[in-house]
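The values are calculated or read from the model by the stated rules, or taken from the named source; none is laboratory data. It should be emphasised that the depicted structure is a prediction, and the values quoted were computed from it without experimental measurement. So basically every Cβ, Gly included, is an ideal-geometry build from the backbone, and we count neighbours across all protein chains shown. Keep in mind that these areas ignore ligands, DNA and RNA; they rest on the heavy atoms of the full protein, side chains included. Shrake-Rupley method; radii C 1.70, N 1.55, O 1.52, S 1.80 Å.
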Amino acid sequence: MSQAPGAQPSPPSVYHERQRLELCAVHALNNVLQQQLFSQEAADEICKRLAPDSRLNPHRSLLGTGNYDVNVIMAALQGQGLAAVWWDRRRPLSQLALPRVLGLILNLPSPVSLGLLSLPLRRRHWVALRQVDGVYYNLDSKLRAPEVLGDEDGVRAFLAAALAQGLCEVLLVVTKEVEEKGSWLQTD
């Protein structure tokens, strides 16, 4: 499998793209799907389809450097026959049926800095979580390499910590069948 510029194969079986420009949504999609399926150009095309008559597209950065919104992620997944389901943060994470979830994409606050100076601004950052060969990984494109989260308890602990910080949104990446049946949710 060929790697995108900035992608890192470590550990060898885990695909991981590194951050470039404001393309974290593209990296999160590719990382959660474990292959390079999307590019900036593909995401820009989705933006045009979502807002064909807009002079200034509301789904991406005005500067053309990325910063894509959730609509682009959802449309990209739909184009692959998948769905994104919002996780209701009021539900206990024990109700999340992780074996039926392909991966997760989180939208987290991200600090803004100029060199060593931290600015009082917050941007948003897309992060992928995915199980590969029985192990869950944090595939954040800002990391040098995938971070091992471990088993289901490890990924639930990571999600609990992220949700506890507030302003975190979680999308479950599932098949259309799982979405339609609602089987991403454990009801016991």
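Yes/no per residue for (1) modelled with pLDDT under 95; (2) open to solvent by 70 Å² or more (accessible area, probe 1.4 Å); (3) not aliphatic (A, V, I, L, M):
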| site | (1), (2), (3) |
| --- | --- |
| N57 | yes, no, yes |
| L62 | yes, yes, no |
| D69 | yes, no, yes |
| M74 | yes, no, no |
| D88 | yes, no, yes |
| L98 | no, no, no |
| G103 | no, no, yes |
| G134 | yes, no, yes |
| D140 | yes, no, yes |
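Before we move on, is R124 modelled with pLDDT under 85 and surrounded by 11 or more Cβ atoms within 10 Å (Cβ to Cβ)?
Yes: the conditions hold for R124.
Residue by residue through the stretch 19-35, note down the ones that are more than 14 Å from V132 (Cβ to Cβ), in contact with a helix residue (DSSP H, G or I) (Cβ under 9 Å, 6 or more places away or on another chain) and buried (at least 19 other Cβ atoms within 10 Å of the Cβ).
L23, A25, V26, A28, L29
Tell me which residues, restricted to the stretch 133-157, are more than 19 Å from C24 (Cα to Cα) and aromatic (F, W, Y).
Within the stretch 133-157, Y136 is the sole residue that qualifies.
For residues in the stretch 170-180 being more than 16 Å from the chain's Cα centre (by Cα) and either in contact (Cβ under 8 Å) with a residue 60 or more places away in the chain or closer than 21 Å to E17 by Cα (or both), which is surrounded by the most Cβ atoms within 10 Å (Cβ to Cβ)?
V178
Residues L108, L117, L167, L163: which one is at pLDDT below 95 and loosely packed, with under 11 Cβ neighbours inside 10 Å?
The unique qualifying residue is L117.
Inside the stretch 125-166, can you point out the residues that are under 15 Å from the mean Cα position of the chain (by Cα) and part of a loop (DSSP other than H, G, I, E, B)?
L139, D140, S141, K142, L143, P146
Residues being closer than 15 Å to L104 by Cβ and assigned to a loop (DSSP other than H, G, I, E, B): count how many of those fall in the stretch 15-42.
Within the stretch 15-42, residues that are closer than 15 Å to L104 by Cβ and assigned to a loop (DSSP other than H, G, I, E, B) number 1.
Considering each residue of the stretch 144-157, count those that are open to solvent by 50 Å² or more (accessible area, probe 1.4 Å) and free of Cβ contacts under 8 Å to residues at least 40 places away in the same chain, and give that number.
Of the residues in that region, 5 qualify.
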